Amino acid sequence: MDENTSVELMYNELKEQAAELFSEKDAAVVDKAFNVARERHNGQRRSSGEPYIIHPVAVAKIVLDYGMDYQSVAAAMLHDTVEDTDLTLEEVKKDFGTEIAALVDGLTKLGKVPLDIKDKEEQQAENVRKMLLAMSEDIRVIIIKLADRLHNIRTLNFVAPQKRRDKALETLEIYAPIAHRLGIRAIKEELEDRAISFLDPVGYKEIEDELSKQGKSHKEFLETIKKQIGERVCTVVPEAALEARIKSVHGIYRKMYMQNKNFDEIYDIYAVRIIVNSVIECYDCLGIIHDMFKPIPGRFKDYISTPKPNMYQSLHTTVIGKAGIPFEVQIRTWDMHKTAEFGIAAHWKYKLGLNGTEKFEERLAWIRQLLETQKEADDVKDIVMTIKSDLVTEEVFVFTPKGDVIDLPVGSTVIDFAYAIHSAVGTKMVGAKVGGRIVPLDYKVQTGDIVEILTSSQPGKGPSRDWLNIVKTSSARTKIRAWFKKERRDENIVEGRSELEREIKRNKMRFTDEEYQKLIETLAERQHCATVDDFYAAIGYGGLFISRVMPFIRDEYNRIASANQPEKIKVQDTSKSTKRAVGEGVTVEGIDNCLIKLSRCCAPIPGDEIIGFITRGHGVSIHKRDCSNVPKDITACEEPERWVSARWLTGNTMQEFKAGLAILCESRVALMADVATLLADMRVMINAINTRELKDDRAYIYLTITVKSTDFLNVVISKLKKINGVINVTRSSNS
Ligand code: MN
């Protein structure tokens, strides 16, 4: 078929749809937008070789399918014109009016990366910031942007491999979470599935194969339960609609690879959805389901009476079906269904004053909060951290005593909860009660917890610096730092100055007053501080790590030294000092009083040669020296100053440690029993056990065991290796 004909065909479908949905006048605007876009993009081609106009038409179609207005559809049609063709914004304004021009302008700005920013991470941060700003101004911009990304990732296989990976990763880390937050499920799931298929084609295919291998039985299973449920439900709620589906590949992928589960171990592959007319009918249906099948305890969730923060409402329950196969049932009304599928796109219209305003505002509150966080953040990269850490991780839903729901990332503490309610609550916090009982400040909140924050309004009360090591969310961390920044400025200046001077002295560097003054001024400027005091204050409240400025000071010192006295010996980075931090049976040299954590990637145990890494705001993580995450040559790596020496404490402080083992073996039924018997004979405690079948009749057994030392662990390993059928035994991360 001729290229132009296929463009026509594609567009005609959209045109017909627009004619049905919009008035004649509005549909004409969409049509005009198409003609302008086609004319301007004429001659341009996509990486696939297709005419460029295919892309804007496809994006406009997605936007239209999501029930957006004609202005959005027209803007989607024009979204790449101002950036990529000679069409100017003034012309758009003249031909299409200010509203559409503003949308196109928002989209154009989102696409542009400032040239002066070279650092990739900073570029991404800048983009995210712009997206949030655009969202807070007009949410339609971001819905069009999501549609743009969706079409781009659908056609990503025509792009060069490196760029493909970058785009896929950005999609997974930034765009999918935004779609999730806006409640647009279908876009979120497709973005995730497609991103994974590019990032890990092998893993993705494995799941696809598994699904298609069992394709027929999956279908049969789904059809049978759908029929069974349908027959019973229809006697009570005749108009109920039923859907049965297999959950998204990405969902299965996450469970298989991140939680190290077998395909057969994943419970929620199947989902049945029942859509009814009223809330009462929802609960009626729930009763029928629980009467028909055995519910799995702890899996029932009532998101109707307490909606998720992204306004999602439904009843969820997991039940056991035929042959012991569990499946999830979601029950909701049509209204709830619309919100679940289209999210904010289903609500944005009401912004103009009808009902639903509150819901809309609640969703936007999230965006505002992120923007606030960003304003207070010292480093533009923090905002990307926020997006990645706060959005990608799973959430827990926690209640205030009044019954309001606060959602937090898994691992959040009561301090995070306090700050999520309000900065003032966090600042005045002195303790917390969960379910009426006092808990420590590092208590990690769980879904369903009712948390009461105890506050004191005594003057002088404020957060403690230790909290920075306890909190999980970057918004709480930012707020704590902001407090120290504001309330303790004089203290911070003094603290920062003496900290820096101590560090310079410790490194045996000497400057004349004049040299020192000049050095500090340059440093302040480099760190974007308005004054030297601001610079000291930033160090004082922990917004700026000394380790980040030390390399520069050292260079400066060496420069001055070699200019003045060429024979003078240059300073090296001597980490010898009396300062040390202790924790987890480890001491770290050169740092005092900070959180120490054994890293999960290599799970070091006493006896292993180890090294510490100063993380951003999470204390020091301890790795094995030969861990793949540790650079072979520290001095040649990017941030050598962040690697610090660490060693195990000896003597009676030695505790027991968990070690992970991976046993590669022939898949012989009795083998697991042999392994368990051996460990029991050696009095070794098994913390976790997991298996994974390989294609060639072999299998992996993953074990987490508790041992006292490396020596003993080595004995365990050598005995395991002697078991008949075991091919190899290696250390792995704790699972
Ligand atoms: Mn585009």
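The values are calculated or read from the model by the stated rules, or taken from the named source; none is laboratory data. No experiment lies behind these values; they were computed from the predicted model shown. Note that each Cβ is placed from the backbone with ideal geometry, even for glycine, and that neighbours are counted across all protein chains shown. Please note that ligands, DNA and RNA were not included when accessible areas were found on the heavy atoms of the full protein model with its side chains. Shrake-Rupley method; radii C 1.70, N 1.55, O 1.52, S 1.80 Å.
Okay, residues lined up against (1) free of Cβ contacts under 8 Å to residues at least 12 places away in the same chain; (2) not in a helix (DSSP H, G or I); (3) not hydrophobic (A, V, I, L, M, F, W, C):
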residue	(1), (2), (3)
Glu20	yes, no, yes
Asp26	no, no, yes
Val30	no, no, no
Phe34	no, no, no
Glu39	yes, no, yes
Gly43	yes, yes, yes
Ser48	no, yes, yes
His55	no, no, yes
Ala58	no, no, no
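Could you check the stretch 523-547 and list, in sequence order, the residues that are under 16 Å from Leu468 (Cα atoms) and touching a residue at least 60 places away in the same chain (Cβ under 8 Å)?
Of the stretch 523-547, the ones under 16 Å from Leu468 (Cα atoms) are 538-545.
Within the stretch 523-547, Ala538, Tyr541, Gly542, Gly543, Leu544, Phe545 meet the criteria.
Scanning the stretch 697-720 turns up one or more residues that are closer than 17 Å to Asp608 by Cβ, open to solvent by 20 Å² or more (accessible area, probe 1.4 Å), part of a strand (DSSP E or B) and outside the structural domain of Ser599 (by TED's automatic domain parsing).
In the stretch 323-336 there is at least one residue that is outside any helix (DSSP H, G or I), in contact with a strand residue (DSSP E or B) (Cβ under 9 Å, 6 or more places away or on another chain) and modelled with pLDDT under 85. Screening the stretch 4-19 for residues that are out of contact with any helix residue (DSSP H, G or I) (no Cβ under 9 Å at 6 or more places or on another chain) and of a type outside the set (Val, Ile, Thr) and picking the one that is farthest from Asp80 (Cα to Cα) gives Glu16. Does at least one position in the stretch 676-687 carry a residue that is open to solvent by less than 60 Å² (accessible area, probe 1.4 Å), among the small types (Gly, Ala, Ser) and not in a helix (DSSP H, G or I)? For the stretch 676-687, residues open to solvent by less than 60 Å² (accessible area, probe 1.4 Å), among the small types (Gly, Ala, Ser) and not in a helix (DSSP H, G or I): absent.
For the stretch 515-558, a residue qualifies if it is closer than 28 Å to Phe613 by Cβ, of a type in the set (Gly, Ala, Ser) and either open to solvent by 50 Å² or more (accessible area, probe 1.4 Å) or in a helix (DSSP H, G or I) (or both), and the qualifying residues are Ala524, Ala537, Ala538, Gly540, Ser547.
Looking only at the stretch 596-642, count how many residues are part of a loop (DSSP other than H, G, I, E, B), open to solvent by 20 Å² or more (accessible area, probe 1.4 Å) and in contact with a Ser or Thr (Cβ under 9 Å, 6 or more places away or on another chain).
7
If I filter the stretch 76-94 down to residues being part of a helix (DSSP H, G or I), away from the ligand (no atom under 16 Å from the Cβ) and open to solvent by less than 70 Å² (accessible area, probe 1.4 Å), which single residue comes out as nearest to Val63 (Cα to Cα)? Selected residue: Leu89.
Among residues of the stretch 411-454 being among the acidic types (Asp, Glu) and surrounded by 15 or more Cβ atoms within 10 Å (Cβ to Cβ), the one that is nearest to Val396 (Cα to Cα) is Asp449. Being at pLDDT 85 or above and touching a Cys at 6+ places or on another chain (Cβ under 6 Å) is true of Leu315.
For every residue, the table says whether it meets (1) within 30 Å of His337 (Cβ to Cβ); (2) more than 16 Å from the ligand (Cβ to nearest atom); (3) under 22 Å from the mean Cα position of the chain (by Cα).
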site: Val128; (1), (2), (3): no, yes, yes
site: Leu132; (1), (2), (3): yes, yes, yes
site: Leu146; (1), (2), (3): yes, no, yes
site: Leu150; (1), (2), (3): yes, no, yes
site: Ala160; (1), (2), (3): no, yes, no
site: Gly183; (1), (2), (3): yes, yes, yes
site: Tyr204; (1), (2), (3): yes, yes, yes
site: Lys213; (1), (2), (3): no, yes, no
site: Glu223; (1), (2), (3): yes, yes, no
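Return yes or no: is Leu199 open to solvent by 70 Å² or more (accessible area, probe 1.4 Å) and either in the same structural domain as Tyr700 (by TED's automatic domain parsing) or not charged (D, E, K, R) (or both)? When the stated conditions are applied, Leu199 does not pass them. For the stretch 446-467, what are the residues that are in a loop (DSSP other than H, G, I, E, B), touching a strand residue (DSSP E or B) at 6+ places or on another chain (Cβ under 6 Å) and of a type in the set (D, E, K, R)? Matches in the stretch 446-467: Asp449 only.
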